[in-house]
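Visitor: Just dropping this structure here.
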Amino acid sequence: MSPREEYVGQLQHVHDELLLIGSMVEKAIKRSVESLRTRDVELAQRIVDEDDEIDDRYLALEELCIDIIARQQPMASDLRALITGMQVGSELERMGDYAEGIAKISIRMGDEPPLKPLIDIPRMADISIGMLRDSLTALNERDDALARRVWHTDDEVDQLNDQVYRELLTYMFEDPRNIQRATWLTWVAHNLERIGDRATNIAERVIYLTTGQTPAPDERWPDVGDPTPQDSGGPPTNGSMPA
């Protein structure tokens with residue numbers, strides 16, 4: 001194999017590995033919400049255990065990208081692709097952490113009776129997963145128009161998150177015994193909202209990859225990509241409400 005063929009093969013491996021990690025994260029998100037809905041603690045524990053593989057694959061991908069940049073000194077579009085690969089990988093790894101956080105909440109809830117039927121939370125999950133899938137499709141096809149559509153979908157997730165938060169506050173006010181279970185569900189919604197934000201970040205990187213441009217300030221939501229005061233994959237140990 002010639003040096004050029006090896007270099008092209010490495011670039012393809014970065015691309016393929018990103019899509020593989022993305023599919024693993026999508027599966028983890030789906031299963032985490034399913035474990036919550038069905039109270040399947042064993043499934044939730046598998047999600048927690050399998051998150052290490054996502055982390056390991058991301059770290060290996062990052063190391064490969066750094067090695068290619070150091071050894072090959074790529075220019076222009078290849079350099080953008082490698083930088084994008086590292087950034088997208090980081091977003092995917094964080095999404096995996098959020099899915100793990102939901103699974104941990106499912107484990108904590110155990111056999112406790114459900115506070116309310118899960119309606120909006122599964123909807124948030126479906127939309128967020130769709131955003132992730134579209135952002136990765138945009139990456140695979142270098143489709144900046146699709147990436148921009150992902151942006152606009154984020155509003156739906158934010159609105160559902162606000163709706164869930166207000167509804168759960170009502171349950172807390174009605175009966176203090178509901179506070180713990182409502183807090184857990186609030187954190188589930190928080191994690192799903194952040195998954196949507198991370199998908200939006202991936203879409204932004206796709207636009208950079210395909211056009212070499214970043215969005216104008218008035219095209220961005222101020223919260224997207226910015227950590228919240230308690231930006232965590234799971235609930236705080238003291239059980240306090242998220243900021």
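Visitor: Here are the criteria: (1) closer than 21 Å to ASP197 by Cα; (2) surrounded by 16 or more Cβ atoms within 10 Å (Cβ to Cβ); (3) of a type in the set (S, T, N, Q). Tell me which single one ASN140 does not satisfy.
Guide: (2)
Visitor: Select from segment 135-145 the residues that are in a helix (DSSP H, G or I) and touching a residue at least 40 places away in the same chain (Cβ under 8 Å) and list them in ascending order.
Guide: SER135, LEU136, ALA138, LEU139, ASN140, ASP144
Visitor: List every residue pair whose Cβ atoms sit under 8 Å apart, with the two residues 6 or more apart in sequence or on different chains, where the first one lies in segment 40-62 and is of a type in the set (Ser, Thr, Tyr) and the second, anywhere, is surrounded by fewer than 19 Cβ atoms within 10 Å (Cβ to Cβ).
Guide: Matching pairs, first to second residue: TYR58/SER90.
Visitor: Let me ask you something else. Condition first: in contact with a Ser or Thr (Cβ under 6 Å, 6 or more places away or on another chain) and small (Gly, Ala, Ser). Now tell me which residues in segment 6-63 satisfy that.
Guide: Of everything in segment 6-63, those that are in contact with a Ser or Thr (Cβ under 6 Å, 6 or more places away or on another chain) and small (Gly, Ala, Ser) turn out to be SER35, ALA44.
Visitor: Out of PRO117, PRO122, which single residue is farther than 30 Å from THR211 by Cβ and free of Cβ contacts under 8 Å to residues at least 12 places away in the same chain?
Guide: That would be PRO117, the only listed residue that is farther than 30 Å from THR211 by Cβ and free of Cβ contacts under 8 Å to residues at least 12 places away in the same chain.
Computed from the coordinates by the stated procedures, all read-outs in this text should not be read as laboratory data. Predicted model only: the values in this text are computed from it and were never measured. Positions of Cβ are backbone-derived with ideal geometry, glycine not excepted, and every protein chain shown enters the neighbour counts.
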